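Student: Have a look at the structure that comes next, please.
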Amino acid sequence: MTEKRHSVPVKMQAKYQAIVGMTDAFCRAHLNEEYAELCRKLAATLSRKRPSPLEKGQAKSWAGGIVYTIGRVNFLFDTSQTPHLSAKELCERFGVSQGTASGKSTQIMDMLDIMQFHPEWTLPSLIDDNPLAWMISVDGLIIDARHAPREVQEEAYRLGLIPYLPE
């Protein structure tokens with residue numbers, strides 16, 4: 001899979017590269033490319049904040065917090081998931097305390113209004129099973145877009161409300 005290029009301010013390039021170097025290596029060794037790409041996207045998003053929270057704190061703390069965040073959204077800590085990793089293992093492998101990684105993750109989630117099942121931060125392989133990715137409001141009624149008429153689906157897709165047009 002080809003790595004996407006993410007826009008990062010010049011001032012934040014070095015910190016971004018340090019963080020992404022760690023998240024990429026971690027994801028390569030313990031997770032997969034989908035996790036790596038979402039971690040790069042999240043690091044870039046945090047780099048563009050003004051002021052960027054990444055300016056303060058160690059790169060490994062932010063790297064651990066970023067993977068922890070994407071893991072929380074995608075239920076990485078649930079033993080029924082593949083891949084699966086415990087929060088303790090994740091933190092040990094980054095060399096940060098669980099309190100640090102969890103704290104950074106909470107800070108990230110609060111700052112960017114991220115929650116579990118957040119469609120923007122869901123692994124592409126899990127998007128079909130994410131109910132929030134498909135919920136739209138039609139005349140004030142919340143429905144699953146996959147069961148809507150095609151013209152409603154097309155409009156929802158055009159507006160960026162659903163990830164793709166279902167078959």
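What follows is calculated from the coordinates using simple rules that are stated; it is not laboratory data. Computed from a predicted structure; not experimentally measured. Backbone-built Cβ (ideal geometry, glycine too); neighbour counts: all protein chains shown.
Student: Using alpha-carbon pairs under 8 Å, 6+ residues apart, how would you state the relative contact order of the chain in percent?
Tutor: Details: 193 pairs, mean separation 26.9, N = 167.
That works out to 16 percent.
Student: May I pose another question? Which value at 222 nm does the chain reach when only helices count, each DSSP H run of 4 or more adding -39,500 (n - 2.57), with the total divided by all residues and rounded to the nearest 500 deg cm²/dmol? If you can, show how the numbers build up before the last one.
Tutor: Numbers: 6 runs with 81 residues, N = 167.
It lands at -15500 deg cm²/dmol.
Student: Arranged by the count of other C-beta atoms within 10 angstrom, fewest first, what order do Tyr68, Tyr35, Tyr157 take?
Tutor: Numbers: Tyr68 27, Tyr35 23, Tyr157 15.
So the residues, fewest neighbours to most, are Tyr157, Tyr35, Tyr68.
Student: So, one more: In the set (1) 1.01; (2) 0.98; (3) 0.94, which value of Rg/Rh (Cα atoms, Kirkwood Rh) was calculated from the structure you see?
Tutor: Given (1) 1.01; (2) 0.98; (3) 0.94, the structure-derived one carries the label (1).
Student: Sticking with this one: Nearest 0.05, what FRET efficiency do Val138 and Met115 give at R0 = 22 Å with Cβ-Cβ as r?
Tutor: On the way: r = 23 Å, r/R0 = 1.04.
Using R0 = 22 Å, I get an efficiency of 0.45.
Student: Name the GluC sites (Glu not before Pro) in the range 1-62 that are in a loop by DSSP and that have at most 15 other C-beta atoms within 10 Å, would you?
Tutor: On the way: sites: Glu3, Glu33, Glu34, Glu37, Glu55; in loops: Glu3.
Listed in order of number, the matching sites are Glu3.
Student: How big is the gap, in Å, between the Cα center of the range 112-167 and the Cα center of the range 24-53?
Tutor: Answer, in whole Å: 23.
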